[in-house]
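Presented below is the structure to which this report refers.
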């Protein structure tokens, strides 16, 4: 299988209301069934009128742009300086919600299409109905990557083509079954198209010829299939934002109890982290003998039924009021260290008759 | 400009010590000057002997694999379940350090080439010296993306081609200068090559014909140019890891003072976060009158010279020892909330003669 990647020249300026199907057919009358059409999202946005007026410069422009960005943003993922990595309402994570000021008048900004999969489906349907062509469509845009310099084009919208080629279940020549190999072929096709398109020379469409597509009546799942579900997203926040969230969480640790048998090593680590920097004489004790634990726990006011671990904390003696304040801070530090180990805790008064001044139920 | 992407069939199994240049030339005698050769890293690794023996199955295999992964890992970026996203010694961030068990005997694992840019340079030099061909080389591998399902092929090693096409400074037809557009063309070329290569059918090499390359004596900066510098990496840790790091940081907040004029709104936010859940009667006071501030600060033992902000904290009265412990915990919570706002603080005894029981210098 050889692929051919061809630019489509002569499309020219696109304005709101323009008929992309006819513009593309005029520029590429050589289009054939099975060719994959890679269309830069910007001309789709322009044809669909996804433009907003903004001042050409000055602080008013910055303010207007910030308002547009806020409207296009479902949530901020990371921010540093003027950079904003956000998740759009579509679910895409990208810089500045894909808002673009290039290849448009200085007084306008181009937003992403409202529903790029729907845009792809509409273009495919128009080419089929009016020109009898069965042409899979990819709407592409340029995105950055967190750990690699430089940008690549990827698919925002897809119709008539599966976004992913799933190799799972195939067996390699050595008899190994492939387990994790789902290739995002539409992103690779979008990137291939970018190689022949121009950023500044009015080549917003490329054609990939020779990619094995199956003629199909349906449009498939679209590029939405490429959006990682939030439950599987290990990078839902920038590192600085997540670290600040951890600090903020430490400011309001939920009271609670955790697993019925927390890892004693995790408890020891938490105690060690804090214990290294407390006032000499401060004692944190993990009560491990079941009989002692149950006897002491029964005397602690407010002991939660689910708690199965007791930590006792005693300050250095003698203690003045500020010494107790420092000790209380150290107990909260221990709670934060336990939380960092995934262990919730509850601060309680100490069991009467012990040297402890506070207790933690885990 | 049209591009042609062609698979190279007939390369067959590659073993340690094999001469890739001659294998490729035998399989693709039609190769021409300026063709870009996209070579799957796996055959480079095999030719270079980057294989390790492991048990074919059982817990011994898992243990051996974990040891291999640890050796290939510079640092762990994120972990969940069996998934490990790590930064390799090269600087690439990828799952399992690129270690692969497909297309190899069940008793071996394939590691990434030690220096893929050097591998690319060596292959380019061999083709030039022995066959008189000037062929840019891309060593490719398959990587995941944090926010998009599916994998794509990208460049691990490059020779004879710039990794990035920098459009900065170009002017679009509307007169806007392009500011941020540096395209990682070698990643797009690697992805285009993947479209004609097979995961299971022994097509480890593709040729891209027609991409405008300039004949050049040097090899260029290689794929290392694509590795984002850590100072610019907003996602150096997974969200869970960074959040845990924030909690751990709260367990050992550094004492210190921050900017000379901290944002009063940030201080108010931190006080509000904690103040909503303290015992009734607890008072946090931001001392803003300069004369009062200086007079009080002068009486606080250990007041740091750089500090310019004073927060006073007073517990509800009357206080018993456990009440002071709880109050101390609340003061540390305030310090964590201030840290989440980027404001370091130092816990100090209160100014004599006030109702405060603790002071914070910012």
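Listed here are the residues, each with its yes/no results for (1) without any contact (Cβ under 8 Å) to a residue 40 or more places away in the chain; (2) under 32 Å from the mean Cα position of the chain (by Cα); (3) in the same structural domain as residue B:114 (by TED's automatic domain parsing).
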| site | (1), (2), (3) |
| --- | --- |
| B:9 | no, no, yes |
| B:24 | no, no, yes |
| B:27 | no, no, yes |
| B:39 | no, yes, yes |
| B:43 | no, yes, yes |
| B:46 | no, yes, yes |
| B:60 | yes, yes, yes |
| B:66 | yes, yes, yes |
Counting only residues in segment A:82-141 that are over 23 Å from residue B:146 (Cα atoms) and without any contact (Cβ under 8 Å) to a residue 40 or more places away in the chain, the one farthest from the chain's Cα centre (by Cα) is identified as A:132
With criteria (1) at pLDDT below 95; (2) more than 7 Å from chain A (Cβ to nearest Cβ), residue B:209 comes up short on (1)
Considering segment A:75-103, residues that are touching a helix residue (DSSP H, G or I) at 6+ places or on another chain (Cβ under 7 Å) and assigned to a helix (DSSP H, G or I), and then whichever is farthest from the other protein chains (Cβ to nearest Cβ), we arrive at A:97
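Determine if segment A:74-89 includes at least one residue that is under 19 Å from residue A:104 (Cα atoms) and surrounded by 20 or more Cβ atoms within 10 Å (Cβ to Cβ).
Start the filter on segment A:74-89 by keeping residues that are under 19 Å from residue A:104 (Cα atoms), which leaves none.
Checked against the condition, which is being under 19 Å from residue A:104 (Cα atoms) and surrounded by 20 or more Cβ atoms within 10 Å (Cβ to Cβ), segment A:74-89 yields no hits at all.
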Regarding segment A:281-297, can at least one residue be identified that is out of contact with any helix residue (DSSP H, G or I) (no Cβ under 7 Å at 6 or more places or on another chain), within 11 Å of chain B (Cβ to nearest Cβ) and farther than 20 Å from residue B:322 by Cβ?
no
Residue B:192 vs. criteria closer than 26 Å to residue A:151 by Cα, out of contact with any strand residue (DSSP E or B) (no Cβ under 7 Å at 6 or more places or on another chain), at the interface with chain A (Cβ under 10 Å from one of its Cβ atoms) and part of a helix (DSSP H, G or I): no
By my count, helices (runs of 4 or more DSSP H) wholly in segment B:231-304 with at least 3 residues that are under 30 Å from residue A:93 (Cα atoms) are B:239-251, B:264-275
Of the conditions (1) crowded, with 18+ Cβ neighbours inside 10 Å; (2) not in a loop (DSSP other than H, G, I, E, B), the single one that residue B:343 does not satisfy is (2)
Filtering segment B:164-188 down to residues that are at the interface with another protein chain (Cβ under 7 Å from one of its Cβ atoms) and under 12 Å from residue A:150 (Cβ atoms) yields B:164, B:167, B:181, B:182, B:183, B:184, B:185, B:187, B:188
Residue A:333 passes all but one of the listed conditions (1) modelled with pLDDT of 95 or more; (2) under 30 Å from residue B:351 (Cα atoms); (3) not in a helix (DSSP H, G or I); the exception is number (3)
Scanning segment B:302-316 residue by residue, those within 14 Å of chain A (Cβ to nearest Cβ), crowded, with 19+ Cβ neighbours inside 10 Å and out of contact with any helix residue (DSSP H, G or I) (no Cβ under 6 Å at 6 or more places or on another chain) turn out to be B:311, B:312
Exactly one of A:35, A:53 is in contact with a strand residue (DSSP E or B) (Cβ under 7 Å, 6 or more places away or on another chain), under 24 Å from residue B:3 (Cα atoms) and assigned by TED's automatic domain parsing to the domain that holds residue A:205, and that residue is A:35
When every residue in segment A:218-230 that is part of a loop (DSSP other than H, G, I, E, B) and at the interface with chain B (Cβ under 10 Å from one of its Cβ atoms) is compared, the one nearest to residue A:332 (Cα to Cα) is A:229
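Please verify whether residue A:1 is within 14 Å of chain B (Cβ to nearest Cβ), touching a residue at least 60 places away in the same chain (Cβ under 8 Å) and exposed (fewer than 14 other Cβ atoms within 10 Å of the Cβ), treating the condition exactly as stated. Please lay out each step first, then the result.
On the way: within 14 Å of chain B (Cβ to nearest Cβ): yes; touching a residue at least 60 places away in the same chain (Cβ under 8 Å): yes; exposed (fewer than 14 other Cβ atoms within 10 Å of the Cβ): yes.
Criteria met by residue A:1.
Are any residues in segment A:268-282 over 40 Å from the mean Cα position of the chain (by Cα) and surrounded by 15 or more Cβ atoms within 10 Å (Cβ to Cβ), and if so, which ones?
First, the residues of segment A:268-282 that are over 40 Å from the mean Cα position of the chain (by Cα): A:279-282.
Matches in segment A:268-282: A:282 only.
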When you look at residue B:319, is it in the same structural domain as residue B:270 (by TED's automatic domain parsing), surrounded by fewer than 21 Cβ atoms within 10 Å (Cβ to Cβ) and outside any strand (DSSP E or B), yes or no?
yes
Every listed condition ((1) facing another protein chain (nearest Cβ under 9 Å); (2) in contact with a strand residue (DSSP E or B) (Cβ under 9 Å, 6 or more places away or on another chain); (3) over 28 Å from residue B:12 (Cβ atoms)) holds for residue B:69 save (1)
When (1) surrounded by 15 or more Cβ atoms within 10 Å (Cβ to Cβ); (2) more than 10 Å from chain B (Cβ to nearest Cβ); (3) in contact (Cβ under 8 Å) with a residue 40 or more places away in the chain are applied to residue A:246, the one that fails is (2)
Given the conditions (1) buried (at least 19 other Cβ atoms within 10 Å of the Cβ); (2) under 16 Å from the mean Cα position of the chain (by Cα); (3) farther than 23 Å from residue B:197 by Cα, every one holds for residue A:229 apart from (1)
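The values are calculated or read from the model by the stated rules, or taken from the named source; none is laboratory data. No experiment lies behind these values; they were computed from the predicted model shown. For neighbour counting, all protein chains shown are included, and Cβ atoms are generated from backbone atoms with ideal geometry for every residue, glycine included.
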